[in-house]
Structures are given as structure tokens and as C-alpha cells.
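Enquirer: Okay, handing you the structure first.
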């Protein structure tokens with residue numbers, strides 16, 4: 001059966017669009033339609049997304065979800081590690097408020113002695129190391145998935161607590177003590193979250209509400225699944241089509257958020273239209289180099305070039321996502337599919353590059 005695509009267009013301008021606007025809209029639709037038509041094939045049966053271009057926004061949903069329905073602007077997906085950019089923005093707020101300093105020993109902000117959290121030559125691990133994945137803390141220190149089943153991991157997730165995190169942290173050995181090399185760490189970003197909770201005496205949801213959603217206006221981005229979300233949640237699957245469980249309650253600062261294309265558009269617009277110094281700071285280069293670098297959790301590419309990009313991806317047991325910002329072109333894109341494979345995040349990256357390449361060029 002021939003797939004159909006629905007485009008939902010919202011134009012944030014105060015006057016009737018002129019001919020150039022109408023032509024540009026058709027260009028957007030043509031570009032996205034062509035690339036999504038080529039994308040939807042096994043194992044991908046559905047994809048949702050949003051494109052923001054010069055204050056115009058476009059949302060689209062192609063294919064069918066596992067329940068046979070087409071997604072909408074309110075469908076909730078797991079955005080996984082894109083969550084880290086939210087934590088990065090809250091960290092930027094704490095730096096702006098002078099509650100935290102990027103280059104202070106993180107043990108200054110902890111309640112116990114952690115002699116194991118030290119780099120070569122007695123140099124400290126700092127928040128800069130944590131947010132740019134150069135601390136040497138392993139990817140996960142709790143519920144590690146070596147030779148465990150998904151069921152075992154979910155059981156561990158259910159039992160995960162803040163106390164258990166710090167119990168294991170005290171026994172953790174760094175995988176690299178140089179403080180220079182990139183080693184992606186969910187645990188490192190989770191530690192940032194706990195430090196933020198401590199200095200602000202606020203929960204994750206309270207921090208999000210005050211320092212992110214108050215700026216972005218997001219309505220659908222949540223940490224914990226609640227009863228009001230059930231009917232709108234997309235269920236993911238693996239490469240063989242097997243339904244996968246949702247991940248809920250584990251390492252919330254590193255990968256716990258769920259959201260819709262509506263809210264992800266709000267998140268993108270916040271970065272591209274807001275001159276707030278906290279937002280600007282969160283996009284500053286903190287590590288790496290101008291070609292391949294890292295800001296406040298964001299990866300950066302060609303930071304000093306016209307096509308400067310900030311990006312992040314995300315993956316859970318059954319869903320994959322991608323977000324990219326092009327500040328100098330005032331363009332942003334979010335893509336998500338209810339499939340997780342070894343290549344799905346890379347496939348979304350390539351799809352994003354093709355779409356944006358046609359819009360910029």
C-alpha cells in the first residue's frame with residue numbers, strides 16, 4: 001500500500017505570507033517528502049519530525065506506528081540522550097547564577113570523599129570534564145548491560161536510586177585519567193544532575209520547569225510517564241520488529257525525557273530566537289576543536305564556519321532520535337523513529353544532513 005505523508009504547517013508571522021513564503025513552503029515540503037519517501041523501508045515503518053526555518057515551522061509524520069496509527073504532533077517519543085542538552089542548559093544557568101564553576105573540582109560539590117575521582121598529576125575532575133565527556137567516568141556505572149538481558153536491565157532500572165548511584169561512584173575506576181580524551185558517559189551527566197539538585201535544592205522536574213520550560217514553553221516534555229500520556233506514547237521496536245519496553249526512571253538527567261514534535265519545536269525555537277545569555281552560554285565551545293567540539297552537552301561541528309552545527313542523538317531499547325541546530329542559518333531539525341538498530345541514529349544523522357543540505361545550499 002502506498003504510504004501517505006501529512007504535513008502540518010504553522011507560520012509564526014503576523015501578516016499573510018507572500019509569494020516567496022508560499023514558494024519556500026513548497027520547497028520545504030518537496031525536500032522533506034522526497035527524503036522521507038526514500039527513508040521509509042524496513043526496518044523503518046514510521047518517522048516523525050520538525051523543521052524550523054527562519055521563524056517558520058513544519059511538522060511531519062510518515063508511515064504507521066506499531067499500533068497501526070499515524071503519529072501526530074502530540075505523539076510522545078523517548079528522546080533519550082537528547083535529554084543531556086536539557087541538563088546542559090540547566091548547568092549553564094547555574095554557571096550564570098554563580099552557583100557552580102565549570103573548572104572547580106566536582107568533589108567541592110559532593111557530600112563525601114571521593115579519592116577515586118582524580119585525574120593524573122592530582123588534577124581534579126571538573127564540571128567541564130563531565131559535560132564534555134572527558135572525565136574518564138565509565139559510560140554507565142549502574143545497571144551496566146554487559147551480558148544482561150533487557151529484562152534484567154529493566155529490573156535494575158526499577159531499583160535504581162540516588163543513594164545507589166553514589167555507592168557505586170565511590171568504587172568506580174576511571175577508564176582514562178588524562179582529562180583530555182572523549183569517553184561518552186551517561187553517569188557523568190547524571191552526576192551533574194545530582195549536583196544541580198543539591199545547589200538549587202530542587203527536583204529534576206522543578207529544574208526543568210523553572211529553567212527550561214519557562215523559556216521554551218514546552219508542554220509535552222516529561223521525565224516520568226503518567227496516566228495522561230499513555231494513549232499518546234509511541235511504542236518502539238528493534239530491527240527484527242519485536243516490541244520494546246519504554247525506559248523509565250533511570251539516569252533521568254542523561255536520557256530520561258519523553259517529548260513530542262510540538263515540544264521539540266519549542267525547544268529548537270528557544271535556541272534560535274532567544275538572546276538570553278544563559279542560552280547563548282550553553283552553545284559555547286567548551287572542549288575539542290573548532291571542527292569537532294562540544295558545548296554544554298551539545299556536539300559541535302565546524303564551530304567557526306558559516307554552517308556551524310550543534311547536534312545530539314538519542315537511542316533507547318526501541319526508539320532513535322536526532323536534533324541539530326544551525327544558529328547562523330536560523331535552522332533547526334528534529335527527527336525521531338520508533339525503531340532502534342545499530343545504525344538507526346546514524347541513518348537519522350544522514351537523513352538530517354540531506355534535508356538541511358538542500359535547504360542551506
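The values are calculated or read from the model by the stated rules, or taken from the named source; none is laboratory data. Quantities reported herein were computed from a predicted structural model and do not represent experimental measurements. Methodologically, a virtual Cβ is constructed for each residue, glycine included, from the backbone with ideal geometry; neighbour enumeration extends over all protein chains shown.
Enquirer: Only one of 257, 272, 246 is under 17 Å from the mean Cα position of the chain (by Cα) and at pLDDT below 95; which?
Expert: Selected residue: 246, the only one of 257, 272, 246 that is under 17 Å from the mean Cα position of the chain (by Cα) and at pLDDT below 95.
Enquirer: Also: Report, by residue number, each residue of segment 156-201 that is over 22 Å from the mean Cα position of the chain (by Cα), assigned to a helix (DSSP H, G or I) and more than 27 Å from residue 93 (Cβ to Cβ).
Expert: 156, 158, 159, 164, 167, 168
Yes/no matrix, rows are residues, columns are (1) modelled with pLDDT of 95 or more; (2) surrounded by 15 or more Cβ atoms within 10 Å (Cβ to Cβ); (3) closer than 20 Å to residue 284 by Cα; (4) in contact with a helix residue (DSSP H, G or I) (Cβ under 6 Å, 6 or more places away or on another chain):
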{"site": "133", "(1), (2), (3), (4)": "yes, yes, yes, no"}
{"site": "137", "(1), (2), (3), (4)": "yes, yes, no, yes"}
{"site": "144", "(1), (2), (3), (4)": "no, no, no, no"}
{"site": "154", "(1), (2), (3), (4)": "no, yes, no, no"}
{"site": "173", "(1), (2), (3), (4)": "yes, no, no, no"}
{"site": "186", "(1), (2), (3), (4)": "yes, yes, no, yes"}
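Enquirer: Right, another one. For segment 112-133, which positions are farther than 24 Å from residue 85 by Cβ and in contact (Cβ under 8 Å) with a residue 60 or more places away in the chain?
Expert: If the condition is that a residue be farther than 24 Å from residue 85 by Cβ and in contact (Cβ under 8 Å) with a residue 60 or more places away in the chain, then 119 is the only one that fits.
Enquirer: Surrounded by fewer than 18 Cβ atoms within 10 Å (Cβ to Cβ) and not assigned by TED's automatic domain parsing to the domain that holds residue 216: which single residue out of 49, 68, 63 fits that description?
Expert: Going through 49, 68, 63 in turn, just one is surrounded by fewer than 18 Cβ atoms within 10 Å (Cβ to Cβ) and not assigned by TED's automatic domain parsing to the domain that holds residue 216: 68.
Enquirer: Scan (1) out of contact with any strand residue (DSSP E or B) (no Cβ under 7 Å at 6 or more places or on another chain); (2) surrounded by 14 or more Cβ atoms within 10 Å (Cβ to Cβ); (3) under 24 Å from residue 141 (Cβ atoms) for the single condition residue 203 breaks and write down its number.
Expert: (2)
Enquirer: Being under 25 Å from the mean Cα position of the chain (by Cα) and at pLDDT 95 or above is the requirement here; does residue 72 meet it?
Expert: yes
Enquirer: Shifting gears a bit: Residue 234: closer than 24 Å to residue 332 by Cβ and either in contact with a strand residue (DSSP E or B) (Cβ under 7 Å, 6 or more places away or on another chain) or buried (at least 16 other Cβ atoms within 10 Å of the Cβ) (or both), yes or no?
Expert: yes
Enquirer: Could you grab the pairs with beta carbons closer than 7 Å, sequence gap of 6+ or different chains, first residue in segment 67-85 and more than 19 Å from residue 230 (Cβ to Cβ), second one outside any helix (DSSP H, G or I) and at pLDDT below 95?
Expert: That search, which allows pairs on different chains as well, returns nothing.
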